[in-house]
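Since the structure comes first, as structure tokens, the remarks are kept for the end.
The numbers here are math on the coordinates, done by the rules we state, and not lab data. Owing to the predicted nature of the structure, the values given are computational and were not obtained by experimental measurement. Cβ placement follows ideal geometry from the backbone for every residue including glycine, while neighbour counts extend to all protein chains displayed.
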């Protein structure tokens with residue numbers, strides 16, 4: 001049952017088969033819903049690694065069937081290094097998490113960032129390297145957005161919540177399109193558990209935004225350093241679209257249903273969803 005689609009009135013009238021496993025599917029964090037506790041759900045399907053099924057909630061890392069040759073990788077990295085601008089890009093629509101907006105404003109004092117969205121005033125939209133289109137032309141899911149994702153070396157993949165394991169499609173999409181994600185929100189170890197090795201930059205690894213900016217500029221201008229953040233591409237693929245990740249999610253779920261014989265249930269499933277945020 002997907003939490004967003006739950007009809008509690010229908011659920012009240014439903015006669016429960018004791019042999020059934022009731023699963024609560026929910027991929028959003030920090031939503032308080034104490035009314036669902038009484039239904040004693042058995043399993044959860046969500047982004048939390050401690051859930052009964054968590055694989056591919058927003059994206060997934062898969063080992064390539066055949067690694068890229070060194071020649072293919074060198075061709076790819078050379079093209080990417082020289083065609084992409086030494087800048088970061090950010091598309092943001094949720095204005096409530098002020099912390100990440102403050103981080104953006106501080107970081108852009110030292111490093112060029114192209115930012116778009118209703119949270120960004122028009123006088124803050126253009127980076128120092130102003131090869132850009134107007135704000136009205138650059139929306140989410142637009143050709144303009146795709147242009148920046150594929151011509152910038154970095155993307156600010158700042159999560160709106162600092163919840164354990166909450167790593168959304170913005171992170172996976174950044175990797176998919178060939179950019180390096182600059183991340184904040186969950187701790188570094190959360191990303192390291194599921195991301196390709198050495199594929200991202202966590203803001204907490206730097207003592208100041210100036211130090212982070214200096215690192216970004218160095219990576220963006222030094223081919224050898226830049227290559228280190230893409231070396232994983234020889235051996236791994238990443239996916240984030242539903243058509244690609246859903247088969248893995250259901251495969252894991254089927255595996256659990258066939259192998260996990262222990263009968264469990266959540267006494268307080270609402271608190272379980274809230275406890276790591």
Item to check | Sorted peptide list for 24-36, 100-112, criterion being average Cβ within 10 angstrom, highest first | outcome: 100-112, 24-36
Item to check | Diffusion constant of the stretch 60-239 at 37 °C, which comes from Stokes-Einstein with the Kirkwood Cα-pair radius and 0.692 mPa s, µm²/s | outcome: 197 µm²/s
Item to check | the chain: antiparallel DSSP beta bridges as a percent of all, rounded to 5 | outcome: 15 percent
Checklist entry - When you count, for each residue, the other Cβ atoms within 10 Å and take the mean per peptide, how do 189-200, 150-161 rank with the highest first? => result 150-161, 189-200
Checklist entry - Can you give me the relative contact order of the chain as a percent, contacts being Cα pairs under 8 Å and 6 or more apart? => result 28 percent
Item to check | Per-peptide average of other Cβ atoms within 10 Å, ordering 218-230, 6-18 highest first | outcome: 218-230, 6-18
Item to check | Ellipticity estimate at 222 nm from DSSP helix runs (n ≥ 4, -39,500 (n - 2.57)) divided over the chain, nearest 500 | outcome: -10000 deg cm²/dmol
Item to check | Relative contact order of the stretch 181-277, defined on C-alpha pairs under 8 angstrom at six or more residues apart (%) | outcome: 21 percent
Checklist outcome for this item: With no solvent term and unit scatterers on the alpha-carbon positions of the stretch 173-248, Debye gives log₁₀ I(q)/I(0) at q = 0.12 Å⁻¹ of -0.38
Item to check | Fraction of alpha-carbon pairs over 18 Å apart in the stretch 220-277 - percent | outcome: 69 percent
